[in-house]
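Worksheet: one structure, shown below.
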Amino acid sequence: MDFRRTERAQLIADLVTLGDLTDPRVARAMERAPRHWFLPDPSEPLAYIDAPLSIGWGQTISQPAIVAQMTTALELNGGERVLEIGTGSGWQAAVLSSLCAEVYTVERIAALGRRARDTLSKHGFANVHVRIGDGFEGWREHAPFDRIILTAAPRETPRALYDQLAEGGILIAPVGEGEQVLVRDRKVGGAIQRDELAAVVFVPMLGGVAA
Ligand code: SAM
C-alpha cells in the first residue's frame, strides 16, 4: 500500500469537508503534485498535515488550505501562462503545472531556487520554468502573463507586476505589513479592480537576490 497516497487522499478529503477545496480540478492537481516530494528530510514526515512547514533558509512551504484557495482564486482554464513570485520548495508551481499551459516562477534565494528546479525536473514538471532573481521585477522576457500569484507579501503590489499582467488577467497576492490581506486584482480596460479575499500570514517579499 502507498502510505503517502493514503495520507494525501485524507488531507484532500479533509480540505473538501472544511470548505477550503471547492474545485475538483484543483483537488486532482494537488493529488498529482505530492507535497512530500518538495520537503527536506526534517519536514518530510509532516507533509500531509494542513500547516506551513520549514523548507530551510528561514522560509516555509505554504499551508495546503491556502494553496487550494489561492489556486482556485486564479480561475485557470488550462491555456494560461502563469507567473509565480516566490518559488520556495516548488510545490505551488507543481500544483499549477497541470492546470495551465506554462508556469514561470521566480525565487530570490539562489539555493532554494536551484533545489526547486532540481525537484521539479526530477518529477517531470516540464512546463515549470524557474528563475533565480528578484520578483519585484517580474520576468519581463516572458510577459505578458494571464495570471500572477505572489507567495510572499509585499507592502503593496509592485508596479512591474501589474505592467506584466495581460488585459483580463488576474493577480492574487497577500499584501500588507503586519496585517496582511489576500487580494484578487483583475485588469479590466487597463485599470485594476480589487476583491479582498481573506486575512492571511505570509513571509515578507524582500528585494534583491541572496546566495
Ligand atoms: N510557493 C512556495 C512553495 O510552494 O513552497 C512557498 C513560498 S514561501 C511562503 C515564499 C518564498 O518567497 C520564499 O522562498 C522567499 O525566499 C520568496 N521571496 C521573497 N521575496 C521574494 C522576491 N522579491 N522575489 C522572489 N522570491 C521572493
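Residue pairs whose Cβ atoms lie under 9 Å apart, separated by 6 or more positions or on different chains, with the first residue in the stretch 179-194 and farther than 19 Å from Gln69 by Cα and the second assigned to a strand (DSSP E or B) and of a type in the set (Val, Ile, Thr), are Lys187/Ile170.
Once the stretch 185-211 is narrowed to residues that are in a strand (DSSP E or B), within 13 Å of the ligand (Cβ to nearest atom) and among the hydrophobic types (A, V, I, L, M, F, W, C), the residue that is most open to solvent (accessible area, probe 1.4 Å) is Ala210.
Here's the yes/no breakdown for (1) touching a residue at least 60 places away in the same chain (Cβ under 8 Å); (2) under 21 Å from Gly169 (Cβ atoms):
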| position | (1), (2) |
| --- | --- |
| Trp37 | yes, no |
| Pro45 | no, no |
| Ala51 | no, no |
| Val67 | no, yes |
| Met70 | yes, yes |
| Glu75 | yes, yes |
| Gly78 | no, yes |
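Consider Thr72 carefully, then state whether it is among the β-branched types (Val, Ile, Thr), more than 17 Å from the chain's Cα centre (by Cα) and surrounded by fewer than 20 Cβ atoms within 10 Å (Cβ to Cβ).
Values: among the β-branched types (Val, Ile, Thr): yes; more than 17 Å from the chain's Cα centre (by Cα): no; surrounded by fewer than 20 Cβ atoms within 10 Å (Cβ to Cβ): yes.
Against the criterion (among the β-branched types (Val, Ile, Thr), more than 17 Å from the chain's Cα centre (by Cα) and surrounded by fewer than 20 Cβ atoms within 10 Å (Cβ to Cβ)), Thr72 does not qualify.
Does the stretch 10-28 include one or more residues that are touching a Pro at 6+ places or on another chain (Cβ under 9 Å), within 19 Å of Val200 (Cβ to Cβ) and without any contact (Cβ under 8 Å) to a residue 40 or more places away in the chain? No, there is no match, as no residue in the stretch 10-28 is touching a Pro at 6+ places or on another chain (Cβ under 9 Å), within 19 Å of Val200 (Cβ to Cβ) and without any contact (Cβ under 8 Å) to a residue 40 or more places away in the chain. Here is the figure for the stretch 100-124: residues that are in contact (Cβ under 8 Å) with a residue 60 or more places away in the chain and either in contact with a His (Cβ under 7 Å, 6 or more places away or on another chain) or crowded, with 24+ Cβ neighbours inside 10 Å (or both) total 1. Inspection of the stretch 19-26 finds no residue satisfying the criterion of being of a type in the set (Asp, Glu) and touching a Phe, Trp or Tyr at 6+ places or on another chain (Cβ under 9 Å).
Determine whether Leu182 is within 14 Å of the ligand (Cβ to nearest atom), touching a Pro at 6+ places or on another chain (Cβ under 7 Å) and under 22 Å from Asp23 (Cβ atoms). Answer is yes for this residue. Only one entry in Ala153, Ala143 is open to solvent by less than 10 Å² (accessible area, probe 1.4 Å) and not basic (Lys, Arg), namely Ala153.
Against the conditions (1) in contact with a Pro (Cβ under 7 Å, 6 or more places away or on another chain); (2) within 17 Å of Val95 (Cβ to Cβ), Ile148 satisfies every one except (1).
Taking the stretch 140-166, which residues are part of a helix (DSSP H, G or I) and not basic (Lys, Arg)? Before the answer, list the steps.
So in the stretch 140-166, the residues part of a helix (DSSP H, G or I) come out as 140-142, 159-163.
Listed by number, the residues that qualify are Glu141, His142, Ala160, Leu161, Tyr162, Asp163.
Do we find that Glu156 is closer than 24 Å to Val175 by Cβ and among the charged types (D, E, K, R) in this structure? Answer is yes for this residue. Which one is modelled with the lowest pLDDT, of the residues in the stretch 15-57 that are more than 24 Å from Leu99 (Cα to Cα) and of a type in the set (Asp, Glu)? Applying the filter and picking the extreme gives Asp41.
Tell me the residue from Glu80, Glu31 that is in contact with a Cys (Cβ under 7 Å, 6 or more places away or on another chain) and within 30 Å of His142 (Cβ to Cβ), please.
Result of the check over Glu80, Glu31: Glu80.
The values are calculated or read from the model by the stated rules, or taken from the named source; none is laboratory data. Keep in mind it's a predicted model, so treat the numbers as computed, not measured. Counting neighbours? That spans all protein chains shown, and the Cβs are built from the backbone with ideal geometry, glycine included. We work out accessible area using only protein heavy atoms, side chains counted, and drop any ligands, DNA or RNA first. Shrake-Rupley method; radii C 1.70, N 1.55, O 1.52, S 1.80 Å.
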